[in-house]
1. Condition first: out of contact with any helix residue (DSSP H, G or I) (no Cβ under 6 Å at 6 or more places or on another chain), hydrophobic (A, V, I, L, M, F, W, C) and in a helix (DSSP H, G or I). Now tell me which residues in the range 419-435 satisfy that.
2. Taking L409 as meeting all but one of (1) open to solvent by 40 Å² or more (accessible area, probe 1.4 Å); (2) at pLDDT 85 or above, write down the number of the exception.
3. Output the residues belonging to the range 532-548 that are at pLDDT 90 or above and β-branched (V, I, T).
4. Any idea how many residues of the range 590-642 are assigned to a loop (DSSP other than H, G, I, E, B), in contact with a Phe, Trp or Tyr (Cβ under 9 Å, 6 or more places away or on another chain) and among the small types (G, A, S)?
5. If you go through the range 493-503, how many residues are under 27 Å from I436 (Cα atoms) and buried (at least 17 other Cβ atoms within 10 Å of the Cβ)?
6. Can you tell which of K377, K403 is in contact with a helix residue (DSSP H, G or I) (Cβ under 7 Å, 6 or more places away or on another chain), of a type in the set (K, R) and closer than 27 Å to T453 by Cβ?
Amino acid sequence: MEKLDNCIRNHDKEIEKMCNFHHQGFVDAITELLKVRTDAEKLKVQVTDTNRRFQDAGKEVVVQTEDIIRCRIQQRNITTVVEKLQLCLPVLEMYTKLKEQMSAKRYYSALKTMEQLENVYFPRVSQYRFCQLMIENLPKLREDIKEISMSDLKDFLESIRKHSNKIGEAAMKQAQQQKTFSVALQKQNNVKFGRHMYINDRITEERNEIVLKHTFEEEDENEEEVLTVQELVDFSPVYRCLHIYSALGDEETFENYYRKQRKKQARLVLQPQSNMHETVDGYRRYFTQIVGFFVVEDHILHVTQGLVTRAYTDELWNMALSKIIAVLRAHSSYCTDPDLVLELKNLIVIFADTLQQSFPKKFPMSQSVPHIYIQVKEFIYASLKFSESLHRSSTEIDDMLRKSTNLLLTRTLNSCLLNLIRKPHIGLTELVQIIINTTHLEQACKYLEDFITNITNISQETVHTTRLYGLSTFKDARHAAEGEIYTKLNQKIDEFVQLADYDWTMSEPDGRASGYLMDLINFLRSIFQVFTHLPGKVAQTACMSACQHLSTSLMQMLLDSELKQISMGAIQQFNLDVIQCELFASSEPVPGFQGDTLQLAFIDLRQLLDLFMVWDWSTYLADYGQPASKYLRVNPNTALTLLEKMKDTSKKNNIFAQFRKNDRDKQKLIETVMKQLRSLVNGMSQHT
């Protein structure tokens with residue numbers, strides 16, 4: 001313990017020595033700290049003040065930053081919404097269009113719109129609930145369309161059942177009038193004109209002229225009556241229902257229903273009334289109902305494909321024939337009046353004649369042709385009467401008649417025809433009819449010359465005999481009509497082409513031809529069917545002109561200066577359309593073309609598209625100017641223009657193209673090809 005106490009004392013002494021040694025430094029440090037304290041407090045106040053001022057200044061920046069963040073979020077949301085709306089709007093527009101078509105009772109168009117919705121539009125927005133609701137609603141709409149079209153068909157069947165009697169009556173009248181007209185015409189052809197120019201010598205002819213004129217007038221009236229009767233039955237429900245069931249893939253159901261119902265109606269038509277044998281009207285009513293039934297079936301046979309077949313109508317007729325024979329045998333046995341038997345015989349003859357021609361019966365020319373012919377003959381008669389007391393010789397009168405007739409044809413008739421042809425409302429079908437009419441009028445000029453020869457007794461072989469100018473007159477009118485056909489046909493093509501709505505920046509083609517082009521081709525097919533009544537050369541010229549104009553329009557569309565960008569997908573889509581044009585040309589829409597003459601109208605487009613589709617620039621540049629060049633029809637300026645449009649698209653669509661080797665190589669290739677094309681273009685311009 002003593003040692004411990006000694007040790008403690010020693011340590012205390014050492015500690016004291018140490019403290020004494022450092023005491024002055026500690027005092028100095030405390031003194032320094034006291035001096036710094038004031039500065040630290042000042043610094044603290046300054047830092048606090050700076051921090052406060054910094055926080056105050058940063059509040060506005062923070063607010064603005066938060067606003068920017070919020071705006072960026074809103075901008076991103078708006079962009080997303082716009083993208084989604086752009087995706088959804090076409091669907092909504094098409095669905096609205098579908099509703100409008102349903103409201104307007106355009107059911108076939110509505111079915112086509114449904115197909116587009118299902119195949120093209122719905123897959124793009126199938127994740128949205130409104131799309132699912134639309135998809136679920138389409139089957140119901142299809143069923144509604146089927147029910148409505150079937151209801152229309154039932155109304156149609158009821159309508160033709162009511163009007164069969166009137167239709168048959170009109171058909172039998174038409175057959176009877178045709179026979180009456182033929183008899184009157186035969187009488188007129190058998191008339192021998194007198195050899196002396198006296199009015200008494202022309203009495204027979206004038207009477208026959210009057211008979212013929214009355215026949216035409218009666219035919220006009222009856223023709224109007226036939227048209228009115230046909231208008232009583234609107235066949236459009238059959239066409240609509242057939243198209244609708246075909247579009248729905250249920251055509252067989254429609255055909256079976258139609259044939260079944262018509263067979264039931266046939267059995268009702270063949271049932272005679274109990275007192276039919278008492279008057280000829282009973283038989284007439286029976287026959288007209290049967291004729292009306294078969295006129296309708298014949299019409300359906302010729303205007304639809306497969307709904308009514310020849311075998312089906314033959315089967316109906318065999319059934320009807322056995323029933324008709326049985327009815328006539330049963331009821332004619334009660335006839336005791338010979339006059340009634342004679343009337344029945346005549347009625348049976350008319351019935352048989354009616355069932356042997358197709359209806360409605362039409363001449364190739366319009367009714368205006370015989371009317372014009374008769375009017376010209378009446379003018380010749382009037383001129384002849386005017387010359388009776390002028391003490392002229394037969395030769396002078398013949399010359400006067402011919403010159404007057406020439407003036408009538410060249411001034412009056414020709415002017416009327418030209419004015420009619422140039423009217424804006426005259427369509428292609430009317431122009432075709434005018435050409436047909438002028439052809440028949442031209443052929444009739446020979447008969448007018450014979451007519452003048454017969455009434456003046458001056459032979460046409462006489463040296464000073466004036467010839468009729470009708471041939472040249474009608475040729476001029478026909479050529480004018482042909483020119484209008486070419487013009488109006490090209491105008492129609494322009495109207496369809498204006499409906500083209502290509503997405504020139506599409507990445508992939510749709511896989512099928514554009515709708516506007518298919519509509520155009522269908523229109524051309526139908527109009528060229530009408531052109532089969534034209535002279536072959538006119539129809540061929542119109543067809544070739546239409547194909548060339550279409551090809552030129554499509555080329556102009558590609559090279560349009562307002563079109564700045566074209567993607568390879570758009571080129572491929574455009575190629576699908578040109579393929580359809582070539583298929584149309586190869587289908588021989590108008591007979592008479594040799595080989596692939598019509599397809600050559602699209603050769604410029606074909607070679608240009610092949611060059612870009614295959615990207616065969618080495619062959620093109622190597623063979624340029626050679627007669628056997630694969631791309632002989634491709635103009636370097638055209639190729640350069642199209643390539644520039646594709647280059648711009650390639651740049652804008654490939655943001656990182658400069659970092660990808662393949663894209664860099666393609667850009668270099670395009671640049672190289674464009675330089676070579678420019679040199680070719682410059683060489684051509686210098687040569688020119």
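The values are calculated or read from the model by the stated rules, or taken from the named source; none is laboratory data. Model, not experiment: these values are computed from the prediction. Ideal geometry is used to build each Cβ from the backbone, glycine not excepted, and the neighbour counts take in all protein chains shown. Each accessible area value is taken on the protein alone, full model and side chains, heavy atoms only, with ligands, DNA and RNA left out. Shrake-Rupley method; radii C 1.70, N 1.55, O 1.52, S 1.80 Å.
1. L420 - this is the single residue of the range 419-435 that is out of contact with any helix residue (DSSP H, G or I) (no Cβ under 6 Å at 6 or more places or on another chain), hydrophobic (A, V, I, L, M, F, W, C) and in a helix (DSSP H, G or I).
2. (1)
3. T541
4. Result for the range 590-642: 1.
5. Residues in the range 493-503 being under 27 Å from I436 (Cα atoms) and buried (at least 17 other Cβ atoms within 10 Å of the Cβ): 1 in total.
6. On the way: K403 fails: in contact with a helix residue (DSSP H, G or I) (Cβ under 7 Å, 6 or more places away or on another chain).
Step by step, each of K377, K403 is checked, and only K377 is in contact with a helix residue (DSSP H, G or I) (Cβ under 7 Å, 6 or more places away or on another chain), of a type in the set (K, R) and closer than 27 Å to T453 by Cβ.
Let's see how each residue does on (1) among the small types (G, A, S); (2) touching a Phe, Trp or Tyr at 6+ places or on another chain (Cβ under 7 Å); (3) at pLDDT below 85; (4) closer than 30 Å to M518 by Cβ:
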| position | (1), (2), (3), (4) |
| --- | --- |
| C19 | no, no, yes, no |
| V45 | no, no, no, no |
| R52 | no, no, no, no |
| D56 | no, no, no, no |
| D67 | no, no, no, no |
| Y95 | no, no, no, yes |
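Here's the yes/no breakdown for (1) within 37 Å of the chain's Cα centre (by Cα); (2) surrounded by 13 or more Cβ atoms within 10 Å (Cβ to Cβ); (3) more than 30 Å from F293 (Cβ to Cβ):
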position: M365; (1), (2), (3): yes, yes, yes
position: E388; (1), (2), (3): no, no, yes
position: E396; (1), (2), (3): no, yes, yes
position: L401; (1), (2), (3): no, yes, yes
position: T438; (1), (2), (3): yes, yes, yes
position: E442; (1), (2), (3): yes, yes, yes
position: C445; (1), (2), (3): no, yes, yes
position: L448; (1), (2), (3): no, yes, yes
position: T453; (1), (2), (3): no, yes, yes
